[in-house]
Amino acid sequence: MRELYPEIEPLETGMLDVGDGQHIYWEVSGNRDGKPVVFLHGGPGGGTSPAHRRLFDPAKYRIVLFDQRGCGLSIPHASEPGAVLSANTTWHLIADMERLRAHLGIDRWQVLGGSWGSALALAYAETHPERVTEIVLRGIFTLRRQELDWFYEGGASALFPDLWEDFLAPVPIGERVHLIEAYHRLLTDPDPAVHQPAAIAWSRWESSTITLLPQADTIARFTSPEYATAFARIENHYFRHGGWWDEGQLIRDAHRLRDIPAVIIQGRYDICTPVMTAWDLHRAWPEAEFRIIDDAGHAFDEPGILDALIAATDRFATDADGFDADDAADAGVDDDVEDTDDADDVEDEEREDLEGDGDDEDDDDDADDDDDDDADDDDVVDDEGDDDEDDDDEEEEEDDAPSS
């Protein structure tokens, strides 16, 4: 069984101004001249951890991690009082990825994502297939109604009635018909005595079910108040809006990925994102290699899943043409890339590409009209660059952070 690569430190870190008052944390580790790969964390709202760097051979890869809006080291943080999520949508995240790619001078990169990260990876690659060399997906999640209903409206309660009772506890009995909506009311309540217990219950439900066997340390990390509040608020915000794409769209548009080498990895006993979604994606995208891990649940560090992930990244460390990142100094980097060309107007283009009829909602969290080109005219900046002065703070995140 393959295991994580040894611990490494970032070569450089920064905070990228992506507009809307948002700054996202990013880091690069491994080989500066290696093959570019970007890791997309789960949740949404889960953030990255040092363990995620270790999915890739540091001698061969230029490893890019970033914390999506509102979580991890990105600011403002969704746990803050009065946090506003109107500028936190799939469209914003895809635009952020393009800004980061251009900022780092990368022409094309490999994309790896699990859980929510698999949804973001699919959305990004279907919008920008020309920017993707390979795709590695784990624990497939596409935010279809049936997927959300299974995990958040009672389906999975058949397997975990005891844990489900704890999930229901913060919700008044009369409001238990539509639980995602009921939790929205709790999580947006300004009173910490209301939103914090709800956030912890939401996060405990997920952390108690993502591994084949319960892991107390995982549950403890998920339920720390600051983490749980940001995690639950962001997840609930995205799930209420169905990801801001048409029902089933990520699977429907998988044909756009046919020319991209890919591996789909799925745990047989994944309760959080059941195998049916991965199977539906496999049928729509038969060109991608499809692997079911028979003795695994959802988390990336379950032994069989971890082995399959690293097998895929090791294989893709060499380009399809046989080019190995060890053999040249400019693997996957185009010196002619301009910093902001690909980011200009990217949100509008992505809306046309991915957004269908839209999910207009009559509440303050709906972000359909929030962009107004706020990010289009903002210069991409690196506030920290190679500065080492903040490294200690950044490395305070635990190496084996939440596994989703």
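Values in this text are rule-based calculations from the coordinates and carry no lab data. Source: prediction; values computed, not measured. Ideal geometry is used to build each Cβ from the backbone, glycine not excepted, and the neighbour counts take in all protein chains shown.
For the reader, a short list of remarks on this structure follows.
- Inter-centroid distance (Cα atoms) of the stretch 184-231 relative to the stretch 1-60, Å: 24 Å
- Taking LYS35, LYS60 and counting other C-beta atoms within 10 Å, the order from fewest to most: LYS60, LYS35
- Other-chain or far-sequence residues with amide H under 5 Å of ILE293's (modelled H): GLN266, GLY267, ARG268
- Each of MET1, MET276, MET97 was scored by other Cβ atoms within 10 Å of its Cβ. Listed from fewest to most, they are MET1, MET276, MET97.
- Summing Cβ point charges (Lys, Arg +1; Asp, Glu -1) relative to the Cα centre of the stretch 12-319 gives a dipole of roughly 460 debye.
- Among PHE66, PHE151, PHE141, PHE290, a tally of other beta-carbon atoms within 10 Å of each Cβ gives an order, fewest to most, of PHE290, PHE151, PHE66, PHE141.
- Signed unit charges on C-beta, dipole axis of the stretch 12-319, positive-most listed residue ALA198, PHE222, PHE167: PHE222
- Prolate/oblate/rounded call for the stretch 194-243, Cα gyration tensor, a/c under 1.5 rounded: oblate
- Segments 221-227, 109-115 sorted - mean Cβ within 10 Å per residue, highest first: 109-115, 221-227
- Legend: calculated FRET efficiency, MET1 to GLU130, from the Cβ-Cβ distance at R0 = 41 Å, rounded to 0.05, equals 0.70.
- In this calculation the C-beta distance from ARG32 to ARG283 is compared with R0 = 41 Å, giving a FRET efficiency of 0.55.
- The charge dipole of the stretch 79-143, taken about its Cα centre with unit charges on the Cβ atoms of Lys, Arg (+1), Asp and Glu (-1) only, comes to about 80 debye.
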